[in-house]
2 protein chains.
Amino acid sequence: MLTETRSRIIASAIEVFNEDYSAPLQKVADNAHVTRRTLHRHFKDRNELVAVCEREMEVSCKKAMITAINSSNEPLVQLKNMLLAGIDCGAKYSFFHKLHQREGHTHTKKNKDCADYDFIYNSFTNIITALQKSGVINEKMTVQWIQNLHAGIINSTVNVSDTGKTSKSNIKNFAWNSFIKGIAP
Amino acid sequence: MLTETRSRIIASAIEVFNEDYSAPLQKVADNAHVTRRTLHRHFKDRNELVAVCEREMEVSCKKAMITAINSSNEPLVQLKNMLLAGIDCGAKYSFFHKLHQREGHTHTKKNKDCADYDFIYNSFTNIITALQKSGVINEKMTVQWIQNLHAGIINSTVNVSDTGKTSKSNIKNFAWNSFIKGIAP
DNA sequence: ACTAAATGTCTCAAATTTGTGACATTTTAA
DNA sequence: TTAAAATGTCACAAATTTGAGACATTTAGT
């Protein structure tokens, strides 16, 4: 079966489930411009689709974030690239973040996905701490708040993009500006 | 029937529907610590519950926002109070904002709710424009971005509050700091 | 143009969600 | 304490969603 259709369905499902986790599959199918029958040919059932979406998010967000972390030794550059990577991932990143924050989601180190998420989170924490020490970031703000702001700003860019009234590169500029100035001392 | 139960169900529904619009009513009932049977005694059907939630959001968010707007003639004070009011409304405000942004939601001036939302939005725009002219806010940023950032930061506070690791007043400080510095020139 | 792969259409049974009746239990207020 | 109000429990039909079979139509590659 066509990989293109498959990935279109996955992208559609991530978009839809991101803001309506229990949405009927018809909605996902419509959004992907396929019939529900085609959707079911690609994915055995709802659970499989959800699982594949989660995998896709894990893999691609993780990859983007780790690339960003490895892009430099400069914490400020790393932080900026993590934000831009999140924006590029779009709804995928919003969902990814939500998923690991959800209550009921038991974070275990045995779960490889959680371990990877923790690695990213810890890297983020180290970057923030380093920048706080060097006086680039407000020391009074908690890492928790900064991480939520980070995810919140990425989410805002997803919403602005949906309306399509502002260009992608403008959005990225605004986002980075608002973020870094928003956490400055 | 007890008003207390009724409003608990409404609050629960707003919370649940905010992040999962198609969630089964069982989930709402559980969240409100009542049986589904009780939920149905208070609300004829799903549509009625959703409608009541929307009304509740409209009324209470609108009230809070208009109070904030009228709290001062100083644009900066107005802006701050609008943010704090949004934070106090919590999930209610997130949902309220989403609702009026949704594609498919036809914004007509005939619909009183939309007219009121437009009034709030226009006031927000005027405040931003005034602050841009007086050099308090970055003139390059679009009102659309600033409005999304505003909603995004409010949403971040909802997520942080859920974890309960940071105090409410700290959250408000962080939020206002991040917001106003994030849009500074 | 032809063939195979992919998707669409229509249909239907199974599973889930929804809404309600009947009656038991708990809560509230006099 | 007692009667009424509110909620819980169980059971059940209606509505919706889900998943899959059978066959028609479209699309892609040769």
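The values are calculated or read from the model by the stated rules, or taken from the named source; none is laboratory data. Predicted model only: the values in this text are computed from it and were never measured. All Cβ positions, even for glycine, are placed from backbone atoms using ideal geometry, and neighbour counts span all protein chains on display. Just the protein is used for accessible areas: all its heavy atoms, side chains included, with ligands, DNA and RNA removed. Shrake-Rupley method; radii C 1.70, N 1.55, O 1.52, S 1.80 Å.
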| Among the residues of the range B:121-141, which ones are outside any helix (DSSP H, G or I) and either surrounded by fewer than 16 Cβ atoms within 10 Å (Cβ to Cβ) or within 19 Å of the chain's Cα centre (by Cα) (or both)? | B:134, B:135, B:139, B:140
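Matching residues to (1) in a helix (DSSP H, G or I); (2) surrounded by 14 or more Cβ atoms within 10 Å (Cβ to Cβ); (3) within 14 Å of DNA strand C (Cβ to nearest atom); (4) in the same structural domain as residue B:158 (by TED's automatic domain parsing):
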{"residue": "B:4", "(1), (2), (3), (4)": "yes, no, yes, no"}
{"residue": "B:10", "(1), (2), (3), (4)": "yes, yes, no, no"}
{"residue": "B:15", "(1), (2), (3), (4)": "yes, yes, no, no"}
{"residue": "B:26", "(1), (2), (3), (4)": "yes, no, yes, no"}
{"residue": "B:50", "(1), (2), (3), (4)": "yes, yes, yes, no"}
{"residue": "B:69", "(1), (2), (3), (4)": "yes, yes, no, yes"}
{"residue": "B:80", "(1), (2), (3), (4)": "yes, yes, no, yes"}
{"residue": "B:88", "(1), (2), (3), (4)": "yes, yes, no, yes"}
{"residue": "B:96", "(1), (2), (3), (4)": "yes, yes, no, yes"}
| query | Has the range A:52-59 got any residue that is within 16 Å of DNA strand D (Cβ to nearest atom), outside the structural domain of residue A:135 (by TED's automatic domain parsing) and open to solvent by 70 Å² or more (accessible area, probe 1.4 Å)? | reply | no
| field | Candidates A:113, A:30, filtered to the one that is closer than 30 Å to residue B:17 by Cβ, surrounded by fewer than 19 Cβ atoms within 10 Å (Cβ to Cβ) and away from chain B (no Cβ under 14 Å) | value | A:113
| query | Quick check: anything in the range B:26-49 within 30 Å of residue B:178 (Cβ to Cβ) and within 14 Å of DNA strand D (Cβ to nearest atom)? | reply | yes
| query | Here are some conditions: (1) among the aliphatic types (A, V, I, L, M); (2) within 16 Å of DNA strand D (Cβ to nearest atom); (3) modelled with pLDDT of 95 or more. Residue A:1 meets all but one. Which one does it not meet? | reply | (3)
| In the range A:33-50, how many are in contact with a Phe, Trp or Tyr (Cβ under 9 Å, 6 or more places away or on another chain) and away from every other protein chain (no Cβ under 14 Å)? | 1
